[in-house]
1. Could you please find all residues in region 301-334 being of a type in the set (S, T, N, Q) and either farther than 23 Å from Gly30 by Cα or out of contact with any Phe, Trp or Tyr (no Cβ under 7 Å at 6 or more places or on another chain) (or both)?
2. Against the definition (among the basic types (Lys, Arg) and buried (at least 23 other Cβ atoms within 10 Å of the Cβ)), how does Arg117 come out, yes or no?
3. So, in region 111-142, how many residues would count as being closer than 20 Å to Thr225 by Cβ and in contact with a Lys or Arg (Cβ under 7 Å, 6 or more places away or on another chain)?
4. Residues that are closer than 23 Å to Arg310 by Cα and either at pLDDT 95 or above or among the aromatic types (Phe, Trp, Tyr) (or both), at least 3 per element: which helices (runs of 4 or more DSSP H) completely within region 1-95 meet that?
5. I'm trying to understand the selection: among the residues of region 217-237, which are out of contact with any helix residue (DSSP H, G or I) (no Cβ under 8 Å at 6 or more places or on another chain) and of a type outside the set (A, V, I, L, M)?
6. Looking only at region 93-113, decide whether some residue is free of Cβ contacts under 8 Å to residues at least 24 places away in the same chain and in contact with a strand residue (DSSP E or B) (Cβ under 8 Å, 6 or more places away or on another chain).
7. Name the single residue, out of those in region 138-149 being in a loop (DSSP other than H, G, I, E, B) and surrounded by 12 or more Cβ atoms within 10 Å (Cβ to Cβ), that is farthest from the chain's Cα centre (by Cα).
8. Kindly list, by first and then second residue, each pair from a residue in region 33-60 that is under 17 Å from Ala13 (Cα atoms) to a residue that is hydroxyl-bearing (Ser, Thr, Tyr) and part of a loop (DSSP other than H, G, I, E, B), limited to pairs with Cβ atoms under 6 Å and residues at least 6 apart or on different chains.
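The values are calculated or read from the model by the stated rules, or taken from the named source; none is laboratory data. Here the structure is a predicted model, which is why all the values come from computation and not from measurement. Please note: Cβ atoms are built from the backbone with ideal geometry, for glycine as well, and neighbour counts cover all protein chains shown.
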Amino acid sequence: MSIAIDAMGGDYAPKQIVEGAILAAQEGIGDRGLILVGDPKRIHEFLDPQKAKDLNIVIHPAYEVIHMHESPVAGLRRKKDASIARAVELVKKGQADAVVSAGNTGACVAATKLKLRFLKGIDRPAIATIMPNLFGTNILIDAGATVDCNPEHLVQFALMGMVYAKYVLKKENPSIGLLNVGEEEGKGNDLTKLTFKMLRKTSLNFVGNVEGRDVFRNVADVIVTDGFVGNVALKAAEGGVRLIQNVLKQEVTKSWLSKFAAVMMKKAFDGLKKRVDYAEYGGAPLLGIDGICIICHGRSNAKAIKNAIRVAEEFIQNKVNRHIEDEVDRVQRALHADQQDSSLPFNVKA
């Protein structure tokens with residue numbers, strides 16, 4: 001399988017992106033080769049041609065970049081030769097099986113929507129982010145791809161998250177929770193109230209509403225929300241992790257005794273850092289598009305890029321998109337057999 005990598009996207013591009021691709025290739029990820037998409041001259045600063053050949057890495061030229069501050073749609077219109085646009089085109093043409101990018105998230109979402117379209121039965125894409133909890137990990141979906149949602153979209157997000165958890169994370173019968181302001185049925189706004197009713201009508205393992213604090217308590221394998229709330233929750237969690245790390249650094253330097261204790265606790269601190277480090281999880285898949293796209297943190301280092309490429313390979317190997325379409329069809333037929341109702345999920349006119 002070949003994987004296209006946006007070499008110019010991200011705060012530390014192209015250096016960290018190229019080094020991440022090298023790490024992935026050295027570990028045998030991407031058996032049909034890796035494609036670095038970007039300015040060849042800049043890429044060659046960190047990858048000499050002979051090493052690229054030995055590692056089965058090729059360069060696909062693209063001489064423009066959509067920067068973080070730019071409007072995604074306007075950027076794609078003005079910059080036809082943008083690295084993210086060229087990378088997605090490779091997937092569209094069948095020259096790559098997946099795309100990985102740490103660049104402008106909005107541009108990545110827009111490019112895939114315009115060039116790859118959606119899977120059958122899916123009306124909106126969703127970013128599925130791995131979140132650590134006390135006993136492992138769960139999935140938060142959507143983390144920012146679709147900020148304005150209706151209940152049908154959230155049901156589709158739940159289904160896609162279930163497929164991710166089942167076929168990639170290998171969780172049997174994944175549980176689904178709806179992010180809300182309270183656990184009780186009837187809590188929330190019109191969106192969550194209607195979504196709650198719809199999720200109960202599906203065959204998904206729906207466990208009800210979950211609150212923000214439950215994201216880290218392992219109460220559901222998949223936590224569903226709209227992209228606006230999901231992105232706020234994700235950024236708040238990142239801020240909380242940074243706060244804890246900075247407070248720990250301040251506290252352990254206050255006295256010789258605390259420094260000694262920190263040395264004794266180094267293993268525990270290293271374990272904490274590993275569990276909350278986004279680089280360990282690589283990137284977040286953009287689900288619902290007719291292709292595979294892994295979106296990375298803008299500050300991704302080489303390790304994060306390597307792991308994102310690994311995630312892309314897992315999605316290819318586990319045929320996630322095929323399973324999503326199969327599950328959509330199954331749920332749709334079951335709902336229609338139960339009750340002919342045009343307001344039920346998957347009948348919405350997008």
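1. Scanning region 301-334 gives Gln317, Asn321, Gln332.
2. Here the answer is no, as Arg117 does not meet what is asked.
3. 3
4. In region 1-95, 15-26, 83-92 are the helices (runs of 4 or more DSSP H) which contain 3 or more residues that are closer than 23 Å to Arg310 by Cα and either at pLDDT 95 or above or among the aromatic types (Phe, Trp, Tyr) (or both).
5. Arg217, Asn218, Gly227, Phe228, Gly230, Asn231, Lys235, listed by residue number.
6. no
7. Cys149
8. Asp39/Tyr63
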